[in-house]
Amino acid sequence: MTQENKCAEADSQRGMVLPFQPLTMSFRNISYYVDVPWELKQQGLSVNKLQLLVNVTGAFRPGLLTALVGISGAGKTTLMDVLAGRKTGGHISGQIYVSGYLKNQETFARISGYCEQNDVHSPCLTVYEALMFSAWLRLPSDINAATKRDFVEEVMELVELNPLKGALVGLPGIDGLSTEQRKRLTIAVELVANPSIVFMDEPTSGLDARAAAIVMRTVRNIVNTGRTIVCTIHQPSIDIFESFDELLLMKRGGKLIYAGPLGTGSHKLIQYFEIRPGYNPAAWILDVTSATEENRLGVDFAEIYRESYLYLQNQELAENLSKPDRNSKFLSFPTKYSQTFFGQFLACLWKQNLSYWRNPQYTAVRFFYTVIISLMFGTMCWKFGDKRETQQDIFNAMGSMYAAVLFIGITNAASVQPVVYVERSVSYRERAVGMYSALPFAFAQVAIEFPYVYVQSLVFFKLFWYIYFMYFTLLYFTFFGMMTIAVTPNHNIAAIVAAPFYMLWNLFSGFMIARMRLPIWWRWYYWANPVSWSLYGLLTSQYGDVNEPLKLADGLHSVPLRQFLKDELGYWFFLGL
C-alpha cells in the first residue's frame, strides 16, 4: 500500500462518526465437503463425499480490496460463504483466524457484513428508513439515537445515496430503485453495522458498465476507510478488475492457482501468467487456466502454484497473521444480538407498521371483500335471528354464520400470504447477519395484524354483527395464512397447502355434519378445528339460553331451543360455572 493510501485511510478513519477496529482474516488449509447428490450416485459416482474446496490458504488485510475470481464451479462463492460462516451444512476442515484469534461465529457476525448477490429489501421502506432499521438492530445498544442518525447520514454520503434518502425501495424490476441503486443500498445496509470485514458476492452482477463503475467507486470509498473488503467477481471488465489490490484465483474443483497482488496495470499478475499483447488480463487468466487449456498444455496450474515462491510467501503471510499481536485482545460480546428481545420486537414492529401503512392495496382488498360479503349476507339473511320457531329457522341462522365465517376468513388467509412471503425473504437476509432472532420477527408480524383486523371486524359488525367472535375468527384465519407461508417455499405452494385445510375445516365445522353424528374416532378433529369453535360460540351466544319451544323437523314434536342445541348439535351454554 502506498503512503498516499495510508494517509487517505487515516483521514477517513479520523472523520468517522463511529470508530472501528481494522481486522485481518487469515485461513489455512480450508477444505469443504458435502454429501454426494443422489443424481451423481445414479450416474455411477462411488464416493460418499464431494470435495468443493481443496486446502485453500490465504489472507485478507485492512485497506486492501481483494477479488475472488474463477469460472463457474471454481468455488469462489463457496469459499467466501465458508469464511463468512454462511455454510450450515457439509463438513469444513482447516483454521480461520481473525487478527490472530480463532474465529468465533457469534462474535464474527457482529464485526462483519455480507452483501448478497440478490438485493432483497423491504419494498415499502425508504432508503433512509432501511438504513436506520439496520443501524438500530446492529449497532451496540449503548450508542444513542442521535449518533446512529449521524452515522447513517455519513454512510449515505460515503455510498452516494443522499439524493435518494426519501425514495421508496420498491420491488426489483417493477418500481422504486434501479438495480445499481439497490446494489448500493445493499452495501450501505451492511456498512451501517460498522463492520471491520465486509464480504460482497458479485457486486457488479447484472449491471451495465456505467452502473458497475458507480458501484466499484462506492466499494473503493469503503476500502479507503481502512476496512477489509472481499468480493467475488465473475468475468470482470478491465476497469473493474484493476480496481482491486489483491487476487485469489481459483480453478474448477476448488483449488487455488494464484494468490497475491495485482499491481499497477495488473503487472504482478502478468509476471506470473504470461499474457499475449492486447488481451484483457481478467479474461486472459480465466481462458488460459480453463480445464481445456490445461489439457492442451499438459499442465496443472494448481500444482504449479504449490511449487512456486508465491505459494511459500502466502503460507508465511497466513502463518504470521494467525498469531495475535502482543497488545491485542480477543474480541467478544456479552450477547449474541446487539439489542434485547424486546428491542428487536420494537424494531420489527416499527418496520412492519411502515410496510403495512404503505401497502394500501393489501388493506383495500380485505376491506373491500369485507364490505361486499357483509352487505351480501346482511341483506340475504335479513332478520334470520328473529325467526326461531322451527328447526329450519335455527339451521338457516347457523348457515349464515357458517358461510360468513368461511368466506371472510379464507379471504384473509389468502390475501396475507403474498405480503408475508415478501417480508419472509427479507427476514432470511436480516437474520443471517444477526439483526434479530425468529421470535421477535414473528411476534411483530402477528401484532401488526391486530389493529387492522379489529377495524375490519368493526366494519363487519356494523353491517352484520357478533364482533367479538368475528374478530378472533379473522385473526386465526390471518395467522393460518402466515403460518402456511412460514412452512412452505413460496406463496403459490402455500395456497396449495392451505386448500385441503379449508376443505377439512368446512367438513368438520359442525354445520354439514353435527358433532353428535360424527363417528367417535373423528370427533378429535372437530375439537381441533377452529371454525367449529367459532360456530359453537356464535350459535350458543345467540340461542344457548333460550328456553322457548322449537318445532322439530317432523312438525309434531317440540323441545326447548336450549335443549335442542345440546342434544342435536352438542352445544352447551355455560359461563364458565
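No lab work stands behind these numbers, since they all come straight from the coordinates. Keep in mind the model is a prediction, meaning the values are calculated, not measured. A quick note on method: Cβ atoms are made from the backbone with ideal geometry, for glycine too, and the neighbour counts reach across all protein chains shown.
Output ³J(HN,Hα) for region 96-110: one whole-Hz value per residue in order, computed from phi by the Karplus curve 6.51 cos²θ - 1.76 cosθ + 1.60 with θ = phi - 60°, and x for Gly and Pro.
10, 10, 10, 6, x, 9, 4, 5, 10, 4, 5, 5, 4, 4, 7
Sort S355, S99 by Cβ crowding within 10 Å, fewest neighbours at the top. Let's see the in-between values first.
On the way: S355 21, S99 25.
Sorted ascending by nearby Cβ count, the order is S355, S99.
Using alpha-carbon positions, what is the distance between the centroids of region 36-96 and region 205-274, in Å?
Here the answer is 19 Å between Cα centres.
Quick one: which residues, 5+ away or cross-chain, put their amide H under 5 Å from the amide H of Q117? H built at 1.01 Å from N.
D201
For the chain, with the dipole built from +1 on Lys and Arg beta-carbon atoms and -1 on Asp and Glu ones, taken about the Cα centre, which of W521, S427, S266 lies farthest toward the positive end?
W521
Could you pull out the pairs from K49/K87; K183/K323; K87/K183; K87/K255 whose alpha carbons sit more than 25 Å apart here?
As for pairs spanning more than 25 Å Cα to Cα, those are K183/K323.
Based on Cβ point charges of +1 for Lys and Arg and -1 for Asp and Glu, what charge dipole magnitude is obtained for region 3-321 about its Cα centre, in debye rounded to the nearest 20?
440
Evaluate E = 1/(1 + (r/R0)^6) for K336 and F450, where r is the Cβ-Cβ distance and R0 equals 22 Å; express this FRET efficiency to the nearest 0.05. Walk me through the numbers before you get to the answer.
On the way: r = 29 Å, r/R0 = 1.31.
About 0.15, to the nearest 0.05.
Hey, of (1) 1.12; (2) 1.05; (3) 1.23, which did the structure itself give for Rg/Rh (Cα atoms, Kirkwood Rh) when calculated?
(1)
Rounded to the nearest 20 Debye, what is the dipole magnitude of region 21-98 about its Cα centre when Lys and Arg each give +1 and Asp and Glu each give -1 at the C-beta?
It comes to approximately 160 debye.
Quick check on the chain: helices-only [θ] at 222 nm, where DSSP H runs of length 4 and up contribute -39,500 (n - 2.57) each and the sum goes over total residues. Nearest 500, please.
Working: 23 runs with 298 residues, N = 577.
Helix-only estimate at 222 nm: -16500 deg cm²/dmol.
Counting only complete DSSP H runs, which helices of the chain cover 15 Å or more along their long axis at the Cα atoms and score a mean Kyte-Doolittle of 0.0 or above?
Qualifying helices, which must be both long enough and hydrophobic enough, are 127-138, 209-223, 341-357, 360-380, 391-432, 438-463, 467-486, 491-507, 530-543.
For a quick check: sort T390, T66, T335 by the number of other beta carbons within 10 angstrom, fewest at the front.
Least crowded to most crowded, the residues run T335, T390, T66.
If you take every DSSP beta bridge whose two residues both sit in region 3-321, what share of them, in percent to the nearest 5, is antiparallel? Numbers along the way, then the final one.
Working: 24 of 43 bridges.
So the antiparallel bridges amount to about 55 percent of the total.
Work out the charge dipole of the chain with +1 on the Cβ of Lys and Arg and -1 on the Cβ of Asp and Glu about the Cα centre, then indicate which of S558, L331, L507 is farthest towards its positive end.
The one lying farthest along the dipole's positive direction is S558.
Treat the count of other C-beta atoms within 10 Å as a stand-in for reagent exposure and order H121, H267, H234 from fewest to most.
Listing H121, H267, H234 from fewest to most nearby Cβ atoms yields H267, H234, H121.
Please give the net charge around L269, taking every other residue with its beta carbon less than 12 angstrom from that of L269, where Lys and Arg add +1 and Asp and Glu add -1.
Its environment carries a net charge of -3.
Just for the chain, what percent of DSSP beta bridges are antiparallel, to the closest 5?
Looking only at bridges with both residues in the chain, the antiparallel portion is about 55 percent.
At 37 °C and 0.692 mPa s, what whole-number value in µm²/s does Stokes-Einstein give for the translational diffusion of region 341-569, with Rh from the Kirkwood sum over Cα pairs?
The estimated diffusion coefficient comes to 170 µm²/s.
Suppose every Lys and Arg Cβ carries +1 and every Asp and Glu Cβ carries -1, with no other charges. What dipole size does region 341-569 come out with about its Cα centre, to the nearest 20 debye? It would help to have the intermediate numbers written out before the result.
Working: 16 positive and 11 negative charges, 88 e Å.
I would put it at about 420 debye.
Put +1 on the Cβ of every Lys and Arg and -1 on every Asp and Glu Cβ in region 135-206; which of I187, G166, F151 then has its Cα farthest towards the positive end of the dipole?
G166
Restricting to Cα pairs below 8 Å that are 6+ residues apart, what does the relative contact order work out to for the chain? Please round to a whole percent. Spell out each step's value before the answer.
On the way: 892 pairs, mean separation 88.5, N = 577.
The value is 15 percent.
What residues from region 55-89 fall in the zone where the backbone N is under 18 Å from a label point 7 Å along the Cα-to-C-beta line of Q235?
From region 55-89, the list is 68-77.
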